[in-house]
Amino acid sequence: MLDFTNDYDFNILELPLIPQGMTTPVDGWKLLVREDTGEHLHVHKASYKVLPHADVVQATQDALKAVNISSDYDFNVYCHEQGKKLEIDIKFNNLVTEPEVGDHVMFRVKGFNSYDGHWAYQTVADAFRLWCKNGCVTPDSVTAIWQRHTNSISVEGIEQKIKLGLETFWNQKEQWQAWMKTKVEKEEVENLFKKRLVKINSKTTEETHNKKQLENLMGQLDQEFKHLGQNKWAVYNCMTHWATHTTDTKRPHNVTRERERAVGQLLNTKIWETL
């Protein structure tokens, strides 16, 4: 099923950058403007290549047809910040695994693009935990297709990413089950969160970590321990819950991406491996 909840297909004007009070353009820079609304999207260097949202959506659809892994999927497209950012979310209804009885995880593919330069064009294949609507970040997510400032798309590249992502998804079940058997100490987990997820790197404050976010994580950890046991699987789901439940922030789509990337990077560390 295709569900385009926002209009993503609009023309982009590339105009000379003329700051207020000036009459001549700034050499080497240009302004991107949404033609239908007049919205100023971003100022870029003249060499910046515009990659239309519509091209990203079409390439993703073409890749899905080519890879032919399932015809039972929900294809959703969202525009954020007056069209500056694009998010594609595809959930495959019949590609589901069960790490343990009653706990189902669905294969998911996501795509991103932006006109403001904050989101590079990217395709990510990961998982979606149905029990509490978590996005199950994988270590592979941080090595996803990532192309900055390009106006070309490889349908074959997206297709290959989906294939590899699905293979990882099926193999992930054994890892998740191993995490269920791995007992953890709460204090050790708290230190992990402080060092990797809520650490503050700033010269303007003596605080070493974000206390509010640590409190949120530890509160969620107690809930996960209660339902899943005091194990590594509970820690993992605590982190993915924190990463994907961001509606109380000003820009949830940005915060979710930042947190998912942080979790993905953590999963590739020695400290996680030895937890």
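The values are calculated or read from the model by the stated rules, or taken from the named source; none is laboratory data. Remember, it's a predicted structure, so these values are computed and weren't measured experimentally. Virtual Cβ from ideal backbone geometry, glycine too; neighbours counted across all protein chains shown. Ligands, DNA and RNA are stripped out before the accessible areas are found, and what is left, the full protein with its side chains, is counted by its heavy atoms. Shrake-Rupley method; radii C 1.70, N 1.55, O 1.52, S 1.80 Å.
Structure above, values below:
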item	result
Subset tally (residues that are under 28 Å from Phe10 (Cβ atoms) and of a type in the set (Asp, Glu)) for region 60-107	5
Some residue of region 189-198 being free of Cβ contacts under 8 Å to residues at least 60 places away in the same chain, buried (at least 20 other Cβ atoms within 10 Å of the Cβ) and either in a helix (DSSP H, G or I) or basic (Lys, Arg) (or both)	yes
Search result, residues across region 81-129 that are surrounded by 19 or more Cβ atoms within 10 Å (Cβ to Cβ) and in a loop (DSSP other than H, G, I, E, B)	Gly83, Lys84, Tyr115, Trp119
Residue match in region 244-265 (condition: of a type in the set (Ser, Thr, Tyr), within 30 Å of Gln58 (Cα to Cα) and open to solvent by 80 Å² or more (accessible area, probe 1.4 Å))	yes
All positions within region 27-66 that are in a helix (DSSP H, G or I) and buried (at least 18 other Cβ atoms within 10 Å of the Cβ)	His53, Val56, Val57, Ala59, Thr60, Ala63, Leu64
Residues located in region 238-250, provided they are assigned to a helix (DSSP H, G or I) and within 16 Å of the chain's Cα centre (by Cα)	Met239, Thr240, His241, Trp242, Ala243, Thr244
Filtered residues of region 67-80 (kept if part of a strand (DSSP E or B) and open to solvent by less than 40 Å² (accessible area, probe 1.4 Å))	Phe75, Asn76, Val77, Cys79, His80
Matching entry among Leu214, Leu197 (being within 20 Å of the chain's Cα centre (by Cα), of a type outside the set (Phe, Trp, Tyr), farther than 24 Å from Pro99 by Cα and at pLDDT 90 or above)	Leu197
Flag if Glu224 is open to solvent by less than 30 Å² (accessible area, probe 1.4 Å) and either in contact with a Gly (Cβ under 8 Å, 6 or more places away or on another chain) or in a loop (DSSP other than H, G, I, E, B) (or both)	no
